[in-house]
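> Sharing a structure, written as structure tokens. Questions coming.
Just so you know, all these numbers are worked out from the coordinates, no wet-lab data involved. Not measured: the values here are computed from a predicted model. Every residue, glycine as well, gets a Cβ built from its backbone with ideal geometry; the counts of neighbours run over all protein chains shown.
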There are 2 protein chains.
Amino acid sequence: MVSTKIPRATAKRLPIYYRYLSILHDSNQKRVSSSSFADAVQVDSATIRRDLSYFGALGKRGYGYDVDNLLNFFKKILNQDHLTSVGLVGLGNLGHALLNFNFHKDSNVRISAAFDVHEDMINTVQDGVPVYSVNDLQKQLEEQQIKVLILTVPSSVAQDICDQAIKGGVKGIMNFTSRRLVAPDDVRIQNVDLTNELQTLIYFIEHYSKE
Amino acid sequence: MVSTKIPRATAKRLPIYYRYLSILHDSNQKRVSSSSFADAVQVDSATIRRDLSYFGALGKRGYGYDVDNLLNFFKKILNQDHLTSVGLVGLGNLGHALLNFNFHKDSNVRISAAFDVHEDMINTVQDGVPVYSVNDLQKQLEEQQIKVLILTVPSSVAQDICDQAIKGGVKGIMNFTSRRLVAPDDVRIQNVDLTNELQTLIYFIEHYSKE
DNA sequence: TATTGGTTGATAAGTATTTCACAAAGTTAA
DNA sequence: TTAACTTTGTGAAATACTTATCAACCAATA
């Protein structure tokens, strides 16, 4: 697979590029140069050219990049041309917020199953998404071929849910708990720890001001 | 300021270290070695020793690190010994979830003011936090000396709110919108784009499996 | 068609971060 | 007190990422 050689730092920027291309497309722009792109997404123009060049020569010298071409290319790269189904475990406040948010608006990612322990939610439909018992987690993940999971459960049960999910065939977990999860190498964990992020922000403000 | 020389990558890990130290402290551990630390937080032990060494010689050879000492040190470093007040703009679903979450549990960060446009929320108290009109944003930020803001508003108004907040003296913004904000150099923007994170996760699953 | 001007893609240099590997220093136990 | 053991702190090497620069190329125009 060619793209295995793409640097991680580049891969993390791809969704940002994708989003800006969508905006350009919607506003009927036909071309974009790396420097105007750079201004918009706040990434150095050389970095953008370097990033894009990992995928081949996508631009034209003296012209820039063709928005529609590039957007289509990104759709393939980022799997935006088919729907990815995602499961969500834990319908607390954050879980509900994510359900409601549901990523629909501009990405082809959709939460298609939710899981919780509370009897009164099980077998209901919340924000258009069916809610199952966590006891059926593994079974439903297998049946629905869900490979990606969002985890918004209490930290204390995070690892347990994680283990079950992996048995159910999950390959990626977006982990909103503060617990660092242990998982096999072929399962990717993306930690989103909001308290951490906020602390980091505050630390930077206090210590890196006036750079 | 000494700590200005701390690498960014290190600074980002500090909250993770802090959290794990808290756990050790709560479970009455007196000492910890860089290697057991490494197992727990999933960071290479040499990286941990290097990170800590930026702050001086905090450990003892042949012994490890004293948990309480280190924890106290981190509390100072991360401003955990005084409360940081944070504002939140936008009481949609995500905003409410964050209000309820309120970071209380293990960090000394507290949302102390919320802002929204909806008349029926203004001047109420939601999850223990007073809600003001966004029209009073600048004034309230000044009065309450709030330097950090969480932004969970529609993308279309993000930059406008950002500008007002900066006039109100804000120095750090945790931006949950997909818009890249433009701000002076002395204002730090931390982007938390959940759609991006999910897309990145999916990209990694598809392209970096079996590493 | 020739010329000008703009923009890419790539080389090379620069910067940042991680990891290896081990001397030095402290601990522990006899 | 000594010897064996543990673990840090750090120099040096390796890796990862970013940026400056510019030749090559294409588009646009006359």
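> Which value in deg cm²/dmol, rounded to the nearest 500, describes the helix-derived mean residue ellipticity at 222 nm for the protein assembly as shown, given -39,500 (n - 2.57) per DSSP H run of n ≥ 4 and division by the residue count?
Result for the protein assembly as shown, helices only: -13000 deg cm²/dmol.
> What list do you get for A:Ile189, A:Ile48, A:Ile202 if you sort them by fewest beta carbons within 10 Å?
Going from sparsest to densest Cβ surroundings: A:Ile189, A:Ile48, A:Ile202.
> By counting other Cβ atoms within 10 Å of each Cβ, how are A:Thr152, B:Thr47 ranked from fewest to most?
Least crowded to most crowded, the residues run B:Thr47, A:Thr152.
> Right, next: Under 20 Å Cα-Cα from B:Lys76, which aspartates and glutamates qualify once same-chain neighbours fewer than 8 residues away are excluded?
Candidates past the 8-residue exclusion: A:Glu197, A:Glu206, B:Asp26, B:Asp51, B:Asp66, B:Asp68, B:Asp106.
> Here is a further query. Pull out a ≥ b ≥ c, the square roots of the eigenvalues of the alpha-carbon gyration tensor of the protein assembly as shown, then state rounded if a/c is under 1.5, prolate if not and a/b is larger than b/c, and oblate in the remaining case.
Cα axes put the protein assembly as shown in the rounded bin.
> Let me ask another. Can you list the distances in nanometres, one decimal and ascending, from the B:Asp163 label point to the identical position in each other copy, with the point 7 Å along Cα to Cβ?
5.5
> Relative contact order for chain A: what percent, with Cα pairs under 8 Å and sequence separation of 6 or more?
13 percent
> Using a label point 7 Å beyond Cα on the Cα-Cβ vector, give me the inter-copy distances for B:Ser85 in nanometres, one decimal, shortest first.
Those label-point separations list as 4.9 nm.
> Continuing with this model, one more query. As a test, work out the antiparallel percent of DSSP beta bridges whose residues both lie in the range A:73-211, rounded to the nearest 5.
Percentage antiparallel, nearest 5: 10.
> From the Cα gyration tensor of the range B:124-196, with a ≥ b ≥ c the square roots of its eigenvalues, which class applies: rounded if a/c is under 1.5, or else prolate if a/b is larger than b/c, or else oblate?
Here the range B:124-196 falls in the oblate category.
> Restrict the search to the range A:1-84; then list the chymotrypsin sites (Phe, Trp or Tyr not before Pro) that DSSP places in a loop and that have at most 11 other Cβ atoms within 10 Å of their Cβ.
For chymotrypsin sites (Phe, Trp or Tyr not before Pro) across the range A:1-84 that sit outside H, G, I, E and B with at most 11 neighbouring Cβ atoms in 10 Å, the list reads A:Tyr63.
> Quick check: from the Cα gyration tensor, does the range A:2-77 come out rounded (a/c under 1.5), prolate or oblate?
rounded
> In addition: Suppose R0 equals 25 Å; then what is the FRET efficiency for B:Glu197 and B:Asn108 from their Cβ-Cβ distance, rounded to the nearest 0.05?
Approximately 0.45, to the nearest 0.05.
> Further, regarding this structure: Taking trypsin sites (Lys or Arg not before Pro) that fall in a DSSP loop and have at most 13 other Cβ atoms within 10 Å as cut points, what is the longest piece of chain A between them?
Segment A:106-209 is the longest.
> Roughly how many nanometres apart are two label points built 7 Å out from the Cα toward the Cβ at B:Glu142 and A:Phe55?
Simple spin-label model gives 4.7 nm for this pair.
> Please work out which residue of chain A brings its Cβ closest to the axis of the rotation superposing A onto B, and round that distance to whole Å.
Checking which Cβ lies nearest the axis yields A:Ala97, 2.
> Could you check what % of the DSSP bridge pairs in the protein assembly as shown are antiparallel, to the nearest 5?
20 percent
> Provide a whole-number value for the mean count of partner chain Cβ atoms within 10 Å of the Cβ atoms in peptide A:94-101.
5
> May I ask you to derive the FRET efficiency for B:Lys167 and B:Ser85 from their Cβ-Cβ distance with R0 = 30 Å, giving the value to the nearest 0.05?
0.95
> Label position 7 Å from Cα toward Cβ: report the copy-to-copy distances for B:Val117 in nm, one decimal, ordered from shortest.
4.0
> Using Cα positions and a limit of under 27 Å, work out the lysines in reach of B:Lys167, with same-chain residues fewer than 8 apart set aside.
Partners within reach: A:Lys210, B:Lys139, B:Lys147.
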